[in-house]
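Worksheet for the structure shown next.
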Amino acid sequence: MENIAPQLYTLLVFMVIGSIVAVETKNLLSAVISVSAVGFALSVAFLFMGAPDIAITQLVVEVLVLIILIRGTILLDNTAVETHRDTLAVVASLIFFGLLLGFGAMIFGSKGFPEFGEPLMRVSRVYVQTGLPATHAANIVTSVILDFRAYDTLGEVTVLFTSVIGALALLRKDGKVREEEVASV
Amino acid sequence: MNGMTIIVKTITDFVAAFIVVFGAYIVLYGHLTPGGGFAGGVIIACAFILLMLAHGRDVAFARLPEKAAHIMDSSGALAFLLIGWVGVTGGFFFLNVFGRGDMFRLLSSGMILPLNIAIAFKVGSSLFLVFAALAMFRRRSFRAMIEEELS
């Protein structure tokens with residue numbers, strides 16, 4: 001595999017800048033567009049790393065979320081956000097960021113990062129080696145998520161099902177009763 | 001909401017069917033090429049969302065009625081569970097008991113293809129429903145809605 005570090009670092013810097021813009025900007029629409037720019041850069045990064053499955057899913061979901069968020073944003077009357085920052089929240093996030101760096105140094109500091117494409121977990125080696133003969137699925141990603149780990153995917157489907165039912169129950173128009181009507185009944 | 005200009009409507013009529021075909025390809029070949037049920041389902045949902053954006057709610061609901069989307073949503077989730085239970089006949093939940101077939105053929109790798117199709121139905125129809133619910137919700141202005149609630 002050729003060296004892809006320069007491309008990845010460029011994308012990473014772009015994503016960091018995009019995230020900072022999304023957090024700091026006062027306009028809601030600009031924030032939505034910056035978040036989407038970060039998502040699209042992430043999908044390009046996945047393509048560079050040789051993960052087209054995740055790149056496709058990321059791209060498609062990003063398009064859908066962008067449509068929904070822009071529709072939701074432009075119909076609002078007031079798109080400017082008032083940000084008043086909580087000191088406690090800032091301190092807490094700084095502490096958690098420090099903890100993240102500390103634990104990362106504890107784990108990877110002595111041994112260094114694993115080689116690209118060399119998984120840390122032993123179980124994934126088995127999946128990579130026996131994926132094709134065991135399932136006859138040419139796409140290793142599908143063989144993992146729908147055969148070796150189909151039970152996890154069942155949980156994912158359940159989460160999606162529950163959230164859709166919740167969204168429809170909250171946003172529905174039919175069957176909604178006003179409070180006074182409830183009182184009169 | 002009567003949709004967008006005639007240019008957008010015409011292009012949408014041309015493109016929407018091809019988007020559905022591409023989504024079906026992503027779903028059906030998910031075990032051979034990149035993609036799968038989730039990505040393909042979202043692409044199919046995007047085709048109907050495009051219809052809804054360009055033509056308005058009524059045209060989109062004429063192509064895919066709300067009732068049908070509800071049924072597809074629930075039956076996709078149930079089908080996923082049922083395919084998992086079929087594996088119990090071989091000993092374990094989600095055991096791949098179907099024939100695995102020849103490698104690199106469309107009809108291969110046992111239960112992965114039906115699971116992909118079930119996920120595609122589920123994801124596609126549920127995302128379409130969420131977008132439809134949001135479109136209905138947004139028909140009135142947000143502020144008018146809040147004022148109505150408060151009064």
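Quick notes on this structure:
- Every pair of residues 6+ apart whose Cβ atoms lie under 9 Å, when the first sits in the stretch A:144-170 and is more than 8 Å from every other protein chain (Cβ to nearest Cβ) while the second is small (Gly, Ala, Ser) and part of a helix (DSSP H, G or I): A:VAL144/A:SER124; A:VAL144/A:GLY131; A:PHE148/A:GLY131; A:PHE148/A:ALA134; A:SER163/B:SER126; A:ILE165/B:SER126; A:LEU170/B:ALA133
- The stretch A:117-140 residues that are at the interface with chain B (Cβ under 8 Å from one of its Cβ atoms), paired with ones that are hydroxyl-bearing (Ser, Thr, Tyr) (beta carbon under 7 Å, 6 or more apart): A:THR135/A:SER143; A:THR135/B:SER109; A:HIS136/B:SER108; A:HIS136/B:SER109; A:ALA137/A:SER143; A:ALA137/B:SER109; A:ASN139/B:THR33
- Residues of the stretch B:3-39 classified as facing chain A (nearest Cβ under 8 Å), outside any helix (DSSP H, G or I) and either among the aliphatic types (A, V, I, L, M) or in contact with a His (Cβ under 6 Å, 6 or more places away or on another chain) (or both), total: 1
- Of all the numbered requirements in (1) closer than 15 Å to A:ASP147 by Cβ; (2) surrounded by fewer than 14 Cβ atoms within 10 Å (Cβ to Cβ); (3) not hydrophobic (A, V, I, L, M, F, W, C), B:GLY87 misses one, and that requirement is (2).
- Every listed requirement among (1) free of Cβ contacts under 8 Å to residues at least 12 places away in the same chain; (2) over 20 Å from A:LEU168 (Cα atoms); (3) among the polar types (S, T, N, Q) is met by B:SER74 save one, (2).
- Residue that is among the small types (Gly, Ala, Ser), at the interface with chain A (Cβ under 7 Å from one of its Cβ atoms) and either at negative phi or within 12 Å of the chain's Cα centre (by Cα) (or both), where the choices are B:SER108, B:SER74: B:SER108
- Once the stretch B:106-147 is narrowed to residues that are closer than 28 Å to A:GLY131 by Cα and at pLDDT below 85, the residue that is surrounded by the fewest Cβ atoms within 10 Å (Cβ to Cβ) is B:LEU107.
- Boolean, A:LEU8 is assigned to a helix (DSSP H, G or I), more than 16 Å from the chain's Cα centre (by Cα) and either among the acidic types (Asp, Glu) or surrounded by fewer than 16 Cβ atoms within 10 Å (Cβ to Cβ) (or both): yes
The values are calculated or read from the model by the stated rules, or taken from the named source; none is laboratory data. Quantities reported herein were computed from a predicted structural model and do not represent experimental measurements. Reconstructed Cβ throughout: ideal geometry from the backbone, glycine too, with neighbour counts over all protein chains shown.
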